[in-house]
Amino acid sequence: MTLGTLDWKPAIEHLDLVAPPTARAISAWAAADGDVAQHVLVAEIDPDLADTAALTDAYALPPSASANCVLVAGRREGAERVAAAVVRATTRADVNNAVKRLLDVRKASFLPMDRATAESGMEYGGITPVGLPDGYRVLVDARVTVPDEAGELVVVGSGLRRSKIALPGALLARLPGVEVIEGIALS
């Protein structure tokens, strides 16, 4: 498998390269879906290059191959509602409109970094939709799930800054708990 200059390997065989919650999620998902073992890949990277722009430049990745995962929250009638929004790196999550409406809250805000990392068990710059806590909605922009000029694979975090996961967008759409939503990303 070739995407950029990274050495991609089956994630199920290299769970040491992903955060513990991500490893548990990949293992459970692979047990339920035979495509996961073959098509969810992981590659080691320089942790200083984990941010999308640096990653794209350093490893010759097409800009739209990466997808960013941001954690947002809002309150309604005293109850907090948390979600991950996953959008292509060439877009940005429409937190103030689309995500806010989906959460049915008056105001949606990004989770503070310390809280996002503590609750997810993942490192900042590596947060991924794979392995988020139960109760988090996972909202994936529909454009992430279909091939584009970068191909069918989408690069997401691994839960750690020192690696990335690549998988077909259509397989990401089948991750348990994912909701594929049209229009949660702004171009």
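Scanning the range 1-34 for residues that are over 17 Å from the mean Cα position of the chain (by Cα) and of a type in the set (Lys, Arg) yields one hit, LYS9. Within the range 23-45, restricting attention to residues that are open to solvent by 20 Å² or more (accessible area, probe 1.4 Å) and of a type in the set (A, V, I, L, M, F, W, C), the residue that is nearest to ARG161 (Cα to Cα) is ALA25.
Annotation: LEU49 fulfils all but one of (1) surrounded by fewer than 19 Cβ atoms within 10 Å (Cβ to Cβ); (2) within 20 Å of ALA116 (Cβ to Cβ); (3) not aromatic (Phe, Trp, Tyr); the unmet one is (2).
Please work out if ARG106 is farther than 22 Å from THR145 by Cβ, among the basic types (Lys, Arg) and either free of Cβ contacts under 8 Å to residues at least 24 places away in the same chain or in contact with a helix residue (DSSP H, G or I) (Cβ under 6 Å, 6 or more places away or on another chain) (or both). Write out each step before concluding.
On the way: farther than 22 Å from THR145 by Cβ: yes; among the basic types (Lys, Arg): yes; either free of Cβ contacts under 8 Å to residues at least 24 places away in the same chain or in contact with a helix residue (DSSP H, G or I) (Cβ under 6 Å, 6 or more places away or on another chain) (or both): no.
Criteria not met by ARG106.
Each row is one residue, and each column tells you yes or no for (1) within 15 Å of the chain's Cα centre (by Cα); (2) among the acidic types (Asp, Glu).
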{"site": "ALA85", "(1), (2)": "yes, no"}
{"site": "MET113", "(1), (2)": "no, no"}
{"site": "GLU123", "(1), (2)": "yes, yes"}
{"site": "GLY126", "(1), (2)": "yes, no"}
{"site": "VAL154", "(1), (2)": "yes, no"}
{"site": "ARG161", "(1), (2)": "yes, no"}
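Taken over the range 69-102, the criterion of being without any contact (Cβ under 8 Å) to a residue 60 or more places away in the chain, open to solvent by less than 60 Å² (accessible area, probe 1.4 Å) and under 20 Å from VAL144 (Cα atoms) is satisfied by VAL70, VAL72, ALA83, ALA84, ALA89, VAL95, LYS100.
Scanning the range 148-168 finds no residues that are surrounded by fewer than 18 Cβ atoms within 10 Å (Cβ to Cβ) and assigned to a helix (DSSP H, G or I). Remark: TYR136 falls outside the filter, which requires a residue to be among the aromatic types (Phe, Trp, Tyr), modelled with pLDDT under 95 and open to solvent by 10 Å² or more (accessible area, probe 1.4 Å). Please work out if ASN97 is in a helix (DSSP H, G or I) and closer than 20 Å to GLU182 by Cα. When the stated conditions are applied, ASN97 passes them.
Could you grab me the full set of residues in the range 111-123 that are surrounded by 14 or more Cβ atoms within 10 Å (Cβ to Cβ) and either of a type in the set (A, V, I, L, M) or free of Cβ contacts under 8 Å to residues at least 60 places away in the same chain (or both)? Write out each step before concluding.
Going through the range 111-123, the residues surrounded by 14 or more Cβ atoms within 10 Å (Cβ to Cβ) turn out to be 111, 116-117, 119-123.
Scanning the range 111-123 gives LEU111, ALA116, THR117, GLU119, MET122.
When VAL40 is tested against (1) closer than 21 Å to LEU175 by Cβ; (2) touching a Lys or Arg at 6+ places or on another chain (Cβ under 9 Å), just one condition goes unmet, and that condition is (2).
Residues checked against (1) at pLDDT below 95; (2) of a type in the set (D, E, K, R):
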| position | (1), (2) |
| --- | --- |
| ALA43 | no, no |
| THR52 | yes, no |
| CYS69 | no, no |
| ARG81 | no, yes |
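The values are calculated or read from the model by the stated rules, or taken from the named source; none is laboratory data. Nothing here was measured: the structure is a model prediction, and the numbers come from that model. Using ideal geometry, Cβ is built from the backbone for each residue, glycine included, and neighbour counts are taken over all protein chains shown. Surface areas here come from the heavy atoms of the whole protein model, side chains and all, with no ligands, DNA or RNA. Shrake-Rupley method; radii C 1.70, N 1.55, O 1.52, S 1.80 Å.
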